[in-house]
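This report refers to the structure that appears directly beneath it.
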Amino acid sequence: MDDQTFHDAIEGYCAQQSYRAGETVRVHVSTHAPTFDVRVERWGAEREEVWSTSAVEGVFHPPPVDADSDGCGWPAAVELVVDPAWRSGFHLVTLTAHGVPDDRSVAHACFVVRGPELVEDRRSILYVLPTNTWNAYNTWGGRSLYTGGSKVSFARPFGRGMLSRPEVERDDRKARPVRFRETPDVDGEIFQRYRTEHHYPSAIGSTGWFTHGRRFVEWAEGAGHAFDYAVTSDLDTDPGALDGYGLVLLVGHDEYWSAPARSALERHVTAGGNLASFSGNTMFWQVRLEDGERGPSMVCHKYRAHLDDPVMGTDDERAMSGMWADPVVARPEWMLLGGGSAFGLYHRFGNATARGVGGFVVYRGDHWLLAGTDLRYGDVLGRDDGVVGYETLGCPVAFDESNLPVVAQQADLAALPADCEVVAMTPSSNLGVGDYPTSIAALSDQGDLEFIAERIFGGRDETARARARFGNAVMLTCRPFGTGAGEVVTVGTTDWVFGLAQDRNVARVTANVLDRLSAD
């Protein structure tokens, strides 16, 4: 079962995903316990307690039948004011119930403290947490966008383990790294066994703070890098969210973007700001955010958007909540990022390059991205930690007279940035029916391969399917809006962060990006 609703005796969520200094955080809690404690920690290089209270009276509020799409609507049980002394960052809310079994006594909620409102007080880097994607995968209360839903609420708890859980070496990874002479876990049986034995939803292998964000932050802040924080939806609601920042960071799995948020990011780059995406399957789906009586929600019809989305047949068709690369929307992610998942979506996941190298093969060893490493042409970056997987971003390539990869424009598709350098890449592919592991809820009538072939490459014939199937995961730099505009770095993999703690070359590449692009 993916829906772990009230597996634990206490559940909770915050009224908003982010707050400024001085604003009031409201924590909505439902529990079978008579009392519970609350602890708030800023999770950076280390976890630091900033607020707590104990023996709060517990009240049980049942989840509405439509909690997954429209929210819980529970009353606030706890309120606290964001102290101006608190640093911008991710804050974990731990709820501990009394008088219930120990293994079901803890739940987690979260909020982000944003950077300063005054532009002149902001740091040079803004890290935007991919909370749209966290919510897309969240099955709490019923359905996610992967299990039959087309609308998901932000006003409900996150699934067990998405925000915090015990550390394990690799059993919680969907693209589990392979050690010497091991057989790849093509069907995802190890992952499935781990997550079901511990009563976690399958989302823990795809997204959430614990999987990607906290790994990046623990390394980055521990290495002395400082930045402000925001969440994806802040770019919808705050027109000045990116003002004053030299570099915007995307990390992990940043799949779901609204038109206002994407436009804000493009304005930032057009005006000379930089963007670094250490993320796979980035900006694949367009979403729409809505306000409801019980809180905000996100709409995405995904594979059936061209058939079911109410905007179809209206003057607002380009707001269709399907792929950004769909001809109806006609705004593919590769126009900004230099790469897209139509050109390679999976690596070491199911039958997608199941025995692939798990790292990036270097082609341009003299590129500034690799400065300070010992990497040269043909070397592999990040193999030991499997930094390439499980979802990726690629670009069509050809080889120049020196046998180095260059972007190959596709005559029938929107152009990729002209000023683009491919630094490293590795084979990646899309999955069709029968190719997926059992660790995800795949479509029964088509896979990503069939869908991309039909919607982007014009059909399901052998040629279209081949164009959709074979691709790569890519590391590149580009200037999508030309000279004088900002630079974009794309490291097209969800699992890059798994190499930061122990692979000095992965850490060096990341530091090169943060240092160079925040100083421009």
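Would you be able to tell me the number of residues in region 39-55 that are in a strand (DSSP E or B), farther than 12 Å from C110 by Cα and in contact (Cβ under 8 Å) with a residue 12 or more places away in the chain?
First pass over region 39-55, keeping only residues in a strand (DSSP E or B): 39-43, 47-55.
The next check asks that each one be farther than 12 Å from C110 by Cα; those that pass are 47-55.
Now restrict to residues that are in contact (Cβ under 8 Å) with a residue 12 or more places away in the chain: 47, 50-55.
Qualifying residue count, region 39-55: 7.
Pairing residues of region 373-386 that are without any contact (Cβ under 8 Å) to a residue 60 or more places away in the chain with residues that are surrounded by 15 or more Cβ atoms within 10 Å (Cβ to Cβ) and polar (S, T, N, Q), at Cβ distances under 9 Å and at least 6 apart in sequence or on separate chains, gives D379/T373; D379/N505; V380/T426. Only a single item in (1) under 17 Å from the mean Cα position of the chain (by Cα); (2) within 25 Å of A155 (Cα to Cα); (3) of a type outside the set (G, A, S) is not met by F216, and it is number (2). In region 260-356, counting only strands (runs of 3 or more DSSP E) that sit wholly within it, the ones holding 3 or more residues that are polar (S, T, N, Q) span 274-280.
Residue-wise test of (1) touching a residue at least 12 places away in the same chain (Cβ under 8 Å); (2) open to solvent by 10 Å² or more (accessible area, probe 1.4 Å).
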site: F154; (1), (2): yes, yes
site: L163; (1), (2): yes, no
site: P166; (1), (2): no, yes
site: K174; (1), (2): yes, yes
site: V178; (1), (2): yes, yes
site: G213; (1), (2): yes, no
site: F216; (1), (2): yes, no
site: A226; (1), (2): yes, yes
site: S233; (1), (2): yes, yes
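Within region 83-107, the set of residues being surrounded by fewer than 20 Cβ atoms within 10 Å (Cβ to Cβ) and in a loop (DSSP other than H, G, I, E, B) comprises D83, P84, A85, W86, R87, H98, G99, V100, P101, S105.
Would you say V100 is more than 15 Å from Q16 (Cβ to Cβ) and either in contact with an Asp or Glu (Cβ under 7 Å, 6 or more places away or on another chain) or among the aliphatic types (A, V, I, L, M) (or both)? Yes; evaluated as a whole, the condition is true for this residue.
Yes/no matrix, rows are residues, columns are (1) modelled with pLDDT of 95 or more; (2) part of a helix (DSSP H, G or I); (3) closer than 14 Å to L249 by Cβ; (4) in contact with a Phe, Trp or Tyr (Cβ under 7 Å, 6 or more places away or on another chain):
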residue	(1), (2), (3), (4)
G471	yes, no, no, yes
L476	yes, no, no, no
F481	yes, no, no, no
G484	no, no, no, no
V489	yes, no, yes, no
F498	yes, yes, no, no
A501	yes, no, no, yes
N512	yes, yes, yes, yes
R516	yes, yes, yes, yes
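Working carefully through the options G12, G71, find the one that is within 22 Å of M298 (Cβ to Cβ), of a type outside the set (D, E) and either exposed (fewer than 14 other Cβ atoms within 10 Å of the Cβ) or in contact with a Lys or Arg (Cβ under 6 Å, 6 or more places away or on another chain) (or both).
Values: G12 fails: either exposed (fewer than 14 other Cβ atoms within 10 Å of the Cβ) or in contact with a Lys or Arg (Cβ under 6 Å, 6 or more places away or on another chain) (or both).
The conditions single out G71.
Across region 20-35, which residue is surrounded by the most Cβ atoms within 10 Å (Cβ to Cβ) among those that are touching a strand residue (DSSP E or B) at 6+ places or on another chain (Cβ under 6 Å) and under 29 Å from Y229 (Cα atoms)? Full working, then the answer.
At the first step, the residues of region 20-35 found to be touching a strand residue (DSSP E or B) at 6+ places or on another chain (Cβ under 6 Å) are 24-31, 33, 35.
When the remaining residues are screened for being under 29 Å from Y229 (Cα atoms), the result is 24-30.
On the way: T24: 12, V25: 21, R26: 17, V27: 21, H28: 23, V29: 28, S30: 22.
Residue satisfying both the conditions and the ranking: V29.
In region 371-425, which residues are small (G, A, S) and under 23 Å from N505 (Cβ atoms)?
Result: A371, G372, G378, G382, G386, G389, G394, A424.
Within region 230-252, how many residues turn out to be more than 15 Å from the chain's Cα centre (by Cα) and either within 20 Å of G486 (Cα to Cα) or of a type in the set (S, T, N, Q) (or both)? Total meeting the criteria: 11.
The residue pairs whose first member lies in region 195-210 and is over 22 Å from L129 (Cα atoms), whose second member is not in a loop (DSSP other than H, G, I, E, B), and whose beta carbons are closer than 8 Å, counting only pairs six or more residues apart or on different chains, are R195/S202; R195/I204; R195/G205. Checked against (1) in contact with a Cys (Cβ under 9 Å, 6 or more places away or on another chain); (2) assigned to a helix (DSSP H, G or I), E454 passes all but a single condition, namely (1). Each residue in region 306-357 was checked for being open to solvent by less than 10 Å² (accessible area, probe 1.4 Å), over 27 Å from V423 (Cα atoms) and among the polar types (S, T, N, Q), and 1 of them qualify.
So in region 422-437, with the set limited to residues that are hydrophobic (A, V, I, L, M, F, W, C) and at pLDDT 90 or above, which one is surrounded by the most Cβ atoms within 10 Å (Cβ to Cβ)? Among those that are hydrophobic (A, V, I, L, M, F, W, C) and at pLDDT 90 or above, it is A424.
Comparison of I440, I456, I452 shows that the only residue that is of a type outside the set (K, R), crowded, with 18+ Cβ neighbours inside 10 Å and at pLDDT below 95 is I440.
The values are calculated or read from the model by the stated rules, or taken from the named source; none is laboratory data. Computed from a prediction, not measured in an experiment: that's the story for all the values here. Glycine gets a Cβ as well: all are built from the backbone with ideal geometry, and neighbour counts include every protein chain shown. Accessible surface areas use protein heavy atoms only, side chains included; no ligands, DNA or RNA. Shrake-Rupley method; radii C 1.70, N 1.55, O 1.52, S 1.80 Å.
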